[in-house]
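Enquirer: Below is a structure I'd like to ask you about.
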Amino acid sequence: MTAEPDDSIAVVATVRDVRDLVRSRARSAVEVCRDALSRIAAVDPHLHAFNTVVADRALARAESIDRDPDRWRDAPLAGVPVALKDNLCTRDVRTTASSRMLESFVPPYDATVVSRLEAAGAVIVGKTNCDEFAMGSSNENSAFGPVHNPWALDRTPGGTSGGSATAVAARLTPVALGSDTGGSIRQPAAMCGVVGLKPTYGRVSRYGLIAHASSLDQIGPLGRTVHDVALTLGVLAGPDPADATSALEPVPDYTAALTGDVRGARIGVPRALVEQGVDAEVSRAVNLALDALKWRGATLVDVDLPHARYAIPVYYLVSTAEASSNLARYDGVRYGFRAGAGRGTANGTHGTAEAVPYEGAPYGAAPCDLKSMYAKTRARGFGPEVKRRIMLGTYVLSAGYYDAYYLKAQQVRTLILRDYEHAFTGTDPVDVIAMPTSPTAAFRIGERAADPLQMYLADVFTVSASLAGLPAISVPCGFTADRLPVGLQLTGRRFDEATLLRVADAYERDTGWSKQLPPILSR
Amino acid sequence: MPSRFTRDEVAAIAVLASLELDASEIELFARQLGDILAYADQVRQIDTTGVPPTASVVARLAADRPDEVRPSLDRDDALANAPDGALDAGFFRVPRVIG
């Protein structure tokens, strides 16, 4: 159960450490890569953080970095092993979104974030497990089986970027990318004791991200320290001609913002929102974190977000509507899985088709027409949560219910946005808003699986920043009595990741949470 | 609004969604969709008179680009993932639609 050795590069090193070791040639990129790969081989069988590990590709890439040190001398991520959530397209590397539908899908192009990471010297080591099509809050919706939380193997790592959070927490890679639609970077970061940032909507290009809900999806980094997350964001951020929603705002030097100085910073606390339904141990850890920031010179200010308590229902109406539309593309024609039909052979290089009509089909196993091929493909290719959301989204968009649900939810989304605007720019403006990332620490695998509504409530504090398009970060702020990590969430102004990172970093400097090792790594 | 869907209602949504559901899924979704929408009903109680809907939080779209002919995805690459691709002809094959 216990991995070794503990003195390997991955355990001691942050992104910055690894990068500096490679740039100074104290370690080769190949040594660093081998270390990450051997750690994955030793530990990941207990965790299942990875869907795919690309050892040969990673080593070849590391060798090419070692061969040309001049080229990578100033590269911000020289030789840094990176794990990518398996909904980010990687050319010639299987990208599944943890769905049967895309089990053997091999993208013909790289996501923009992948190109940017590689241009910065990063070495991609694999694709991480997640909830199917990034729908869920526990990673239990993966078609390939759940991820186990490195702090307690019988618990979930949160979701949907649970594999990425687990990879970082278990020191398999120093940094990983996730995607966040309603909390999917921040919530698993909190539950695994790592730092996770959802940037402002538009800050990072989504070209090559498998779409879930397009008005909400953002890509962001998960790391052990705020500095590593700031460094990685600097590589990812910026406009991209391939994504019309990517923003033109200039990208500052995020690491330069980490001054440790929060004197005069005004931190809003929505007391009414966090009064109810929060586990007592989570409340205690978050309140102690706020005290620490106050001690550093920040001012705590009460703020009111009166519509944030409607964020969960609004989110599940808006996101399922968008998902039902986005996932219409999975029809068994151009890529992905096709249920037994048609000619029954996979003539493409990567596609999958069943050779014969499957037995036990509800409408019989007769050769089917085009429409029933679509319906059977989607029935067999999608898992239960994805089907549930497609059904809900289809319903709320359907004639007669559109105004009552979808339009209404979009109007309340406006009210949630205005609440934040008022807090950030009103008569008593704040710089960031603080609350727990998640109302509870990591829950047990299976505990909530039978009750989708109960599962949705895990996102109660993360979805409102998503609906408002605001940047938000989760930073570790302690542990429960059971040694489960707790996260503090900070939400900032649009495109003001710098302030968010500055406050999070200042807090982190006063704590040793990021240095704690999960039990799976101790001898 | 129904706090519980009938089997026929669920089946009708499934047709719109191009999803073939079995009897147990129809039963399950009838209950769960009802539960979720009953919970979502609190949103419908909020006064939103005169409030515009937010479909997107993009404040300013990136500038238009010139409409120029540029290379796009290679045809073989585009067909490589097809469950039933006719590589020589350059087609995706589907079940017979006509006659």
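Enquirer: Scan region A:95-116 for residues that are of a type outside the set (S, T, N, Q), part of a loop (DSSP other than H, G, I, E, B) and within 24 Å of A:ALA169 (Cβ to Cβ) and report the count. So that I can check it myself, show each step before the final result.
Expert: Looking only at region A:95-116, we keep the residues that are of a type outside the set (S, T, N, Q), and these are A:97, A:100-103, A:105-111, A:113-114, A:116.
Still in the running and part of a loop (DSSP other than H, G, I, E, B): A:97, A:103, A:105-111.
Going one step further and asking which of them are within 24 Å of A:ALA169 (Cβ to Cβ), we end up with A:97, A:111.
Of the residues in that region, 2 qualify.
Enquirer: Run down A:ALA341, A:ALA361, A:ALA298 and say which single residue is of a type in the set (Gly, Ala, Ser) and modelled with pLDDT of 95 or more.
Expert: Values: A:ALA341 fails: modelled with pLDDT of 95 or more; A:ALA361 fails: modelled with pLDDT of 95 or more.
Every option except A:ALA298 fails the conditions.
Enquirer: Please specify each residue of region B:64-99 satisfying the condition of being at the interface with another protein chain (Cβ under 7 Å from one of its Cβ atoms) and assigned to a loop (DSSP other than H, G, I, E, B).
Expert: Those that are at the interface with another protein chain (Cβ under 7 Å from one of its Cβ atoms) and assigned to a loop (DSSP other than H, G, I, E, B): B:ARG65, B:LEU73, B:ALA80, B:ASN81, B:ALA82, B:PRO83, B:ASP84, B:LEU87, B:ARG93, B:VAL94, B:PRO95, B:VAL97.
Enquirer: A follow-up question, please. From (1) in contact with a Gly (Cβ under 7 Å, 6 or more places away or on another chain); (2) part of a helix (DSSP H, G or I); (3) closer than 21 Å to A:PHE424 by Cα, pick out the condition that doesn't hold for A:ARG263.
Expert: (2)
Enquirer: Can you pull out the residues in region B:27-36 that are in contact with a helix residue (DSSP H, G or I) (Cβ under 8 Å, 6 or more places away or on another chain) and either outside any helix (DSSP H, G or I) or over 26 Å from A:ARG329 (Cβ atoms) (or both)?
Expert: B:GLU27, B:ALA30, B:ASP35
Enquirer: Moving on. Could you check region A:13-40 and list, in sequence order, the residues that are closer than 24 Å to A:ASN129 by Cα and open to solvent by 30 Å² or more (accessible area, probe 1.4 Å)?
Expert: Matches in region A:13-40: A:ARG34, A:SER38.
Enquirer: Every residue in region B:10-26 that is more than 9 Å from chain A (Cβ to nearest Cβ) and either at pLDDT below 95 or in contact with a helix residue (DSSP H, G or I) (Cβ under 7 Å, 6 or more places away or on another chain) (or both), please.
Expert: Those that are more than 9 Å from chain A (Cβ to nearest Cβ) and either at pLDDT below 95 or in contact with a helix residue (DSSP H, G or I) (Cβ under 7 Å, 6 or more places away or on another chain) (or both): B:ALA11, B:ILE26.
Enquirer: Considering only residues that are touching a Pro at 6+ places or on another chain (Cβ under 9 Å) and of a type in the set (A, V, I, L, M, F, W, C), which ones fall in region A:252-272?
Expert: The one that is touching a Pro at 6+ places or on another chain (Cβ under 9 Å) and of a type in the set (A, V, I, L, M, F, W, C): A:ALA272.
Enquirer: Would you confirm whether any residue within region A:319-331 is modelled with pLDDT under 95, facing another protein chain (nearest Cβ under 7 Å) and under 22 Å from B:ALA14 (Cβ atoms)?
Expert: no
Enquirer: Under 8 Å between Cβ atoms, which residue pairs at least 6 apart in sequence (or on different chains) link something in region A:290-310 that is at positive phi with a partner that is modelled with pLDDT of 95 or more and open to solvent by less than 60 Å² (accessible area, probe 1.4 Å)?
Expert: Sorted first by the residue in region A:290-310, then by its partner, the pairs are A:GLY297/A:ASP261; A:GLY297/A:VAL262; A:GLY297/A:GLY264; A:GLY297/A:ALA265.
Enquirer: Considering only region A:107-143, state which residues are among the small types (Gly, Ala, Ser) and under 30 Å from A:PRO384 (Cβ atoms). Break it down into steps so the answer makes sense when it comes.
Expert: Going through region A:107-143, the residues among the small types (Gly, Ala, Ser) turn out to be A:111, A:115, A:119-122, A:126, A:134, A:136-138, A:142-143.
Scanning region A:107-143 gives A:ALA111, A:GLY126, A:ALA134, A:GLY136, A:SER137, A:SER138, A:SER142, A:ALA143.
Enquirer: Which of the residues belonging to region B:49-62 are surrounded by fewer than 10 Cβ atoms within 10 Å (Cβ to Cβ) and either more than 8 Å from chain A (Cβ to nearest Cβ) or in contact with a Pro (Cβ under 9 Å, 6 or more places away or on another chain) (or both)? Quick ask: steps written out before the conclusion?
Expert: Residues of region B:49-62 surrounded by fewer than 10 Cβ atoms within 10 Å (Cβ to Cβ): B:49-50, B:52, B:60.
Across region B:49-62, the qualifying residues are B:THR49, B:GLY50.
Enquirer: Another question, if that's okay. From B:ARG93, B:ARG7, B:ARG75, which residue is basic (Lys, Arg), open to solvent by 10 Å² or more (accessible area, probe 1.4 Å) and in contact with a strand residue (DSSP E or B) (Cβ under 8 Å, 6 or more places away or on another chain)? Explain how you work it out, then say what you get.
Expert: Values: B:ARG7 fails: in contact with a strand residue (DSSP E or B) (Cβ under 8 Å, 6 or more places away or on another chain); B:ARG75 fails: in contact with a strand residue (DSSP E or B) (Cβ under 8 Å, 6 or more places away or on another chain).
Sole residue among the options that is basic (Lys, Arg), open to solvent by 10 Å² or more (accessible area, probe 1.4 Å) and in contact with a strand residue (DSSP E or B) (Cβ under 8 Å, 6 or more places away or on another chain): B:ARG93.
The values are calculated or read from the model by the stated rules, or taken from the named source; none is laboratory data. This is a predicted model, so every value here is computed, not measured. In this analysis, Cβ positions are derived from the backbone assuming ideal geometry, glycine residues included, and neighbour counts consider all displayed protein chains. Just the protein is used for accessible areas: all its heavy atoms, side chains included, with ligands, DNA and RNA removed. Shrake-Rupley method; radii C 1.70, N 1.55, O 1.52, S 1.80 Å.
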